[in-house]
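Here the structure comes first, spelled out in structure tokens, and everything after it is commentary.
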Amino acid sequence: MEALLQDEYYTYDDYKKWDTKDRYEIIDGVAYAMAPPAITHQRISSNLHREIANFLKGKPCEVFHAPVGVRLNADKGDNTVLEPDIVVVCDRSKIGSQSIAGAPDLVIEILSPSTAGYDRVDKFNQYLIAKVREYWIVDPDSKTVSVHVLKDGEYITRAYAKTAKAPVHVLEGCVIDLADVFADETGD
């Protein structure tokens, strides 16, 4: 992913003013344009969101899907705003009218060819620094999920194949059947 304007410095205040037809993320003050997601990406996102939303019905945590701005360092600098595919927030004080202020409990990113490295490296590091408790990277091509769980300031990683049942560690009792997540994929 290429930076929008590398010599400019952006914050959440700038992000709020941008045209809503285009999507951007900011990491450490550098803005990155986001391409629209593919149909496969949207199917997987819908399936995951539905599974988590059904599990959370009547529970205190809340699930959101993109586009929703997540301000990872809202308390200092406010120069990192990401739009994960799916986020779960259990601390309702972080949920504002326009954005999530602070680290969500769970973040899910679904890889696209243009963002795979960005999601696996740049965002991974941002989520780790912000202490996101659990970070999933979903790979539509290999139909796998890498689950990163925060423990003692580091991510412990486990990979799951398309037929596995993946536990959501931050949501006790929540297990996602990946066969359901990847079910609608025709491979076109």
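Any read-out appearing in this document is the output of simple, stated calculations on the displayed coordinates, not a laboratory observation. For clarity, every value in this text was computed on a predicted model and none was experimentally measured. Backbone-built Cβ (ideal geometry, glycine too); neighbour counts: all protein chains shown.
The figures follow:
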{"item": "Mean ellipticity per residue at 222 nm, deg cm²/dmol - from DSSP H runs of n ≥ 4 across the chain, formula -39500 (n - 2.57)", "result": "-5000 deg cm²/dmol"}
{"item": "Spatial separation of Cα centroids for the stretch 72-86 and the stretch 112-188, in angstrom", "result": "19 Å"}
{"item": "Whole-number percent relative contact order across the chain, with pairs defined as alpha carbons under 8 Å at least 6 apart", "result": "16 percent"}
{"item": "Rounded to 10°, Cα long-axis angle of helix 39-56 versus longest principal axis of the chain", "result": "80 degrees"}
{"item": "Inter-label distance, nm, simple model (7 Å from Cα along the C-beta direction), Arg92/Arg158", "result": "3.1 nm"}
{"item": "Theoretical gain in end-to-end length, Ser46 to Asp180 [0.36 nm per residue, Cα-Cα removed]", "result": "47.1 nm"}
{"item": "Modelled FRET efficiency - R0 30 Å, Asp19 with Asp141, Cβ distances, 0.05 increments", "result": "0.45"}
{"item": "Proxy reagent accessibility, fewest Cβ within 10 Å first, across Ile52, Ile110", "result": "Ile52, Ile110"}
{"item": "At q = 0.09, 0.16, 0.20 Å⁻¹, base-10 log of I(q)/I(0) for the stretch 12-181 (Debye sum, equal scatterers on each alpha carbon)", "result": "-0.27, -0.93, -1.52"}
